[in-house]
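Trainee: Could you have a look at this structure, given as structure tokens, before my questions?
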Amino acid sequence: MISDFGFRISDFESHIPHPISHIPVMPEEVITFLGCKPGKLYVDGTLGGGGHTSLILKAAAPTGKVIGMDWDEDAIATTKESLKDYSERMTIVRENFANIKKVMKDLDIESVDGILLDLGISSYHLERPDRGFSFRFDAPLDMRMDKRQKKTAYHIVNESSHKTLEEIIWKYGEERWAKRIAKAMVEERRHGPIATTKQLSDLASSAIPKKFHPREIHPATRTFQAIRIAVNDELNNLNKAIDDGVNLLGSGGRMVIISFHSLEDRIVKQSFRRLSKGCICPNDFPKCVCGNLPKLKIITKNPITPSWEEVAKNPRARSAKLRASERL
Ligand SMILES: C[S@@+](CC[C@H](N)C(=O)[O-])C[C@H]1O[C@@H](n2cnc3c(N)ncnc32)[C@H](O)[C@@H]1O
């Protein structure tokens, strides 16, 4: 596939930092929807392994700049090193993207031309057993993306009430067996803390009747997703980043968001809709009294999904959905 800018995936591959275990998702689409051009300023709120950032820097060469944010110290350290050739055109900040407004204020920047969020965890999070994100390895229950944070998965799993656990697993994991899993966790805690990913994975799996084990995914997948979202407060961060990010976009600036599950995609879709409507008066008001003006024009009516060729190359891309909007 060739983007509007005439790039092919193979053009990008030499610019993806090595060694890298994370392949950037929908690379051509990201560049196209961000509308990368020389002289413009972009924010990559999810720097990760720097894959998308390096593509933006290449597409916006020789003068386009990127501010790359990530709250994970490993991502920051690795990417600082792998993108050091671009250091004159990029600024790296270790921060939660929900604090984008403060970051821009500290950098004395009033507006930017594009914001990218490529949500969730990176392949290196899943591949590092010590981070406690994966049920494939036995490790302490951690799941923090920002290790400066005190609250870990251990705290949530061992200190939350039965009701809260059930709510977390139901709401953030969309797990129909949430009640049984929460009950099994609370019962297990009577014998001692649930301290490892294996314990949590075994508990979730055995709480779901065998005949209802999903075929496509591990039975503990939804429980792990739910606890991870709760540990990292992922949905609130996303809501805040969209609202504050939109206010930082200059006229014609683009916001591009890639999500990996329906909870995230729903937030992006609904936020873009709300911000493109303007008026927030109740439907039965005869005329608008709020005076809110639309801030965005939605560019992707339906979410963009990766091609089958990309999914074959990078299975992590299979659930990705990209939505883009433009600041009015
Ligand atoms: C899917 S990876 C991004 C990969 C990147 N686009 C690339 O091409 O290498 C998501 C990254 O976003 C970071 N992240 C997730 N939520 C964040 C947040 N609220 N604030 C800052 N960084 C966040 C994670 O630490 C992770 O490194």
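Taken together, the values in this text are just the output of simple stated rules run on the coordinates, not laboratory data. Keep in mind the model is a prediction, meaning the values are calculated, not measured. Cβ sites come from the backbone with ideal geometry, for glycine too, and all protein chains shown count toward neighbours.
Trainee: Given a cut-off of 29 Å, what percent of all Cα-Cα pairs of the chain lie beyond it?
Mentor: The proportion of pairs with Cα distances above 29 Å equals 41 percent.
Trainee: Additional query: Which residue, PRO24, PRO140, PRO315, has the most motion in a Gaussian network model of the chain that connects Cα atoms within less than 10 Å?
Mentor: Result: PRO315 has the largest fluctuation of those listed.
Trainee: Just the number, please: percent antiparallel of the DSSP beta bridges in the chain, rounded to the nearest 5.
Mentor: Around 40 percent of the beta bridges assigned by DSSP in the chain are antiparallel ones.
Trainee: Trypsin sites (Lys or Arg not before Pro) within segment 282-311: which are DSSP loop residues with at most 11 other Cβ atoms inside 10 Å?
Mentor: Answer in residue order: LYS287, LYS301.
Trainee: Right, next: Suppose the chain between LYS313 and ASP85 were pulled fully straight at 0.36 nm per residue; how much longer would it get relative to their current alpha carbon spacing?
Mentor: Difference between extended and current length: 79.3 nm.
Trainee: Hey, got a sec? Which trypsin sites (Lys or Arg not before Pro) in segment 149-207 land in a DSSP loop and have at most 10 other Cβ atoms within 10 Å?
Mentor: Answer by residue number: LYS150, ARG190.
Trainee: Also, I was wondering about something else. GNM on the chain, C-alpha springs below 10 Å: top fluctuator among SER122, SER307, SER205?
Mentor: Among SER122, SER307, SER205, the largest mean-square fluctuation in the Gaussian network model of the chain belongs to SER307.
Trainee: Just how large is the dipole of the chain about the Cα centre, in debye to the nearest 20, putting +1 at every Lys and Arg Cβ and -1 at every Asp and Glu Cβ?
Mentor: Roughly 1040 debye for the chain.
Trainee: Among MET145, ILE67, GLY50, which residue has its Cα furthest toward the positive end of the charge dipole of the chain, with +1 on Lys/Arg Cβ and -1 on Asp/Glu Cβ?
Mentor: The Cα lying farthest towards the positive end belongs to MET145.
Trainee: Which pairs break 32 Å Cα to Cα here: LYS171/LYS295; LYS65/LYS297; LYS240/LYS287; LYS105/LYS313?
Mentor: LYS105/LYS313
Trainee: Tell me the Rg and the Dmax, in Å, that the Cα atoms of segment 77-181 produce.
Mentor: Spelled out, the Cα radius of gyration and Dmax of segment 77-181 are 18.1, 54 Å.
Trainee: Using just the Cα positions, wrap segment 130-200 in a convex hull and report its mean projected area in square nanometres, one decimal place.
Mentor: Computed as one quarter of the Cα hull surface, the answer is 4.8 nm².
Trainee: So how strong a dipole does segment 69-130 carry about its Cα centre when Lys and Arg Cβ are +1 and Asp and Glu Cβ are -1, to the nearest 20 debye?
Mentor: The calculated dipole for segment 69-130 is roughly 160 debye.
Trainee: Under a straight-distance cross-link criterion of Cα-Cα below 13 Å, which aspartates and glutamates are reachable from LYS37, leaving out those fewer than 8 residues away in the same chain?
Mentor: Straight-distance partners of LYS37: ASP4, ASP113.
Trainee: Same structure, new question: Using the per-residue mean of other Cβ atoms lying within 10 Å as a proxy for protection, in what order, highest first, do the peptides 222-231, 110-119 fall?
Mentor: My ranking of the peptides, most packed first, is 222-231, 110-119.
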